[in-house]
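Below: one structure, written as structure tokens.
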Amino acid sequence: MNLEQTLSQELSVVAAAIDAPPPPAVGALVRKAERTRTRTSAKRLAATGTVAAAVVGALVLGHQLGRTTSAPPTPTNPSHNPTSLPTGAAPRVPYILGETLYVDGEPQPGMWIGVQTAGGNTLALQSGGPGSETTTAVLFRSGAMLERLPADAEPMMSRDGTKLAMIEVSPGKADLVVRDLTDDRELGRLPLDPATVRSDSEATVHLTAVDDDGTVHWGGVLVNRAWKPGGTPVDVAENASTPPVKGFPRGAVDVRLSPDGRLGAWLTDRDGRSDPRADPTYLDAVTVQVPNQPGTRFTLALPEKTDLRGISWETTTDVLLTVFEDQQGTREHLVRCSVKERECEVARTP
Amino acid sequence: MPLRTRAVPDTGAATYEEYVGARWTALYRTAYLLTTNHADAEDLAQAALVKTYLSWSKVAAAASPDAYVRRILTNEFLSSRRPLRVTREQLVDQPPEVGIGTPETHERLALWPHISALPPKQRAVIVLRYYEDLSEQQIADALGCSPGTVKSNASAALRSLRARIGTTEGASS
């Protein structure tokens with residue numbers, strides 16, 4: 001047997017006999033891509049905010065919002081348009097609408113893909129343009145641009161906004177850097193193997209989190225490590241693709257903790273399920289829970305079949321949701337949901 | 001939202017949507033040869049297309065968009081191979097899912113049942129070399145490794161297949 005000739009023949013025979021399924025809906029691919037982009041941004045930018053009180057059990061929002069954790073979904077408004085909700089004040093923190101970043105209500109030039117505000121600091125990610133994988137992070141303080149960080153530095157800010165971690169790369173060198181944003185001081189610097197930074201190999205590592213105490217987490221397929229400046233790096237078991245947020249259901253994706261850690265919120269469907277692989281699931285609700293207390297879980301639904309693509313804590317009581325009127329991305333809105341008042345409204349935007 | 005860029009030269013597709021329609025079957029077939037089962041093939045091909053969307057401006061601007069997407073596909077295949085899945089495949093002493101062609105076709109496939117037992121990188125090299133008909137340099141570009149690594153993986157794969165065929169033939173004689 002001529003092995004190589006036989007290989008060619010057999011692979012061709014097998015390939016020709018494959019009955020490929022119909023191509024996937026492009027809309028579904030785009031939604032998955034956008035959710036991937038959102039999740040990637042989300043992992044880099046942990047949301048902030050606090051919640052005044054733990055809320056127990058299921059609840060139903062008044063007016064246009066209505067949904068419990070156990071009853072089947074009952075749309076109280078047939079419109080998919082979030083503008084059927086009352087209109088409230090403009091967002092009180094920097095936000096992204098479309099691809100524009102607004103800081104103190106002023107649009108910032110460029111294409112922006114993620115923003116986090118905490119402790120008076122705002123970390124925003126700017127894309128190199130459509131399809132570009134290059135990102136630049138910009139640090140704002142009190143509404144003013146403070147610093148443009150190196151491209152692809154993968155910066156992450158702690159939940160309370162006091163620490164910043166990033167990877168600084170120079171020819172033949174890569175350093176993991178942790179800074180204290182309260183006094184703009186470098187807390188520590190740890191050399192990394194430059195071959196593991198920004199490569200396409202399975203050895204590639206990425207920053208995954210920085211804690212309020214400055215402990216930074218990074219890893220990839222092969223290793224996951226943690227390091228606190230002044231200490232020694234340690235191997236950790238966590239998968240780098242899993243956010244280090246514990247105490248929530250297995251299926252919960254991108255749980256955003258309030259700054260005091262007393263409550264987490266994540267996007268779900270109206271049944272409180274969060275399964276990004278189950279297209280065309282509508283993520284038209286936000287589910288909230290006290291960590292490790294599943295009995296406190298509740299789900300707030302927006303008008304049925306709207307499409308939620310982003311969530312962050314705006315204040316101690318409010319979450320801001322990025323909402324499209326449908327999965328085709330028709331008109332984007334920012335919706336503010338008060339966990340305390342159990343009501344939602346459209347935030348006024350330009 | 002259609003992404004309008006210049007025409008993709010090796011497919012004629014002008015948009016992401018057109019590219020998906022034009023190349024889905026070819027991508028799926030390569031994904032099937034890599035994964036050796038339909039469920040994983042569909043997951044892999046879709047995952048590659050999702051990443052293609054995220055890099056569409058680069059794909060459309062590439063000299064060979066197909067080569068760019070092939071690199072995405074093979075990297076996705078290699079990076080998503082978790083130890084559990086590899087272990088499971090090695091532990092299950094069964095030929096890969098066939099579900100294709102006639103029984104006569106199946107009987108003619110002496111090597112295909114052994115391909116899934118190859119380590120993922122060797123399998124990728126075999127598929128790119130003997131199905132996609134790529135050169136060592138093109139395979140190296142697709143896998144992000146050196147031509148020498150391609151050569152050593154190909155040699156190891158062929159050695160392994162020869163040994164398996166020898167064992168099978170010995171057992172059946």
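Brief remarks on what is shown
- Annotation for the A:B interface, with buried accessible surface near 3600 Å², both sides summed [1.4 Å probe; non-protein components not counted].
- Remark on A:Gly114: its backbone amide H falls under 5 Å from those of A:Leu125, a criterion applied only to residues 5 or more positions apart or on other chains, H modelled at 1.01 Å from N.
- Cross-link reach is defined here as a Cα-Cα straight distance under 26 Å, omitting same-chain residues fewer than 8 places apart; for A:Lys305 the lysines meeting it are A:Lys32, A:Lys43, A:Lys340, B:Lys51.
- When Rg and Dmax are taken over the Cα atoms of segment A:146-234, they come to 12.4, 37 Å.
- Peptide ranges A:95-104, A:182-191 listed from the most packed, as the mean C-beta count within 10 angstrom indicates: A:95-104, A:182-191
- Legend: distances between Cα atoms for B:Lys58/B:Lys121; A:Lys163/B:Lys58; A:Lys228/B:Lys58; pairs beyond 32 Å are A:Lys163/B:Lys58; A:Lys228/B:Lys58.
- Nonlocal amide H pairs with A:Trp313, under 5 Å, H built at 1.01 Å: A:Thr48, A:Leu320
The values are calculated or read from the model by the stated rules, or taken from the named source; none is laboratory data. Quick caveat: nothing in here was measured; it's all calculated off a predicted structure. Reconstructed Cβ throughout: ideal geometry from the backbone, glycine too, with neighbour counts over all protein chains shown. Areas reflect the complete protein model, heavy atoms only, side chains present, ligands, DNA and RNA absent. Shrake-Rupley method; radii C 1.70, N 1.55, O 1.52, S 1.80 Å.
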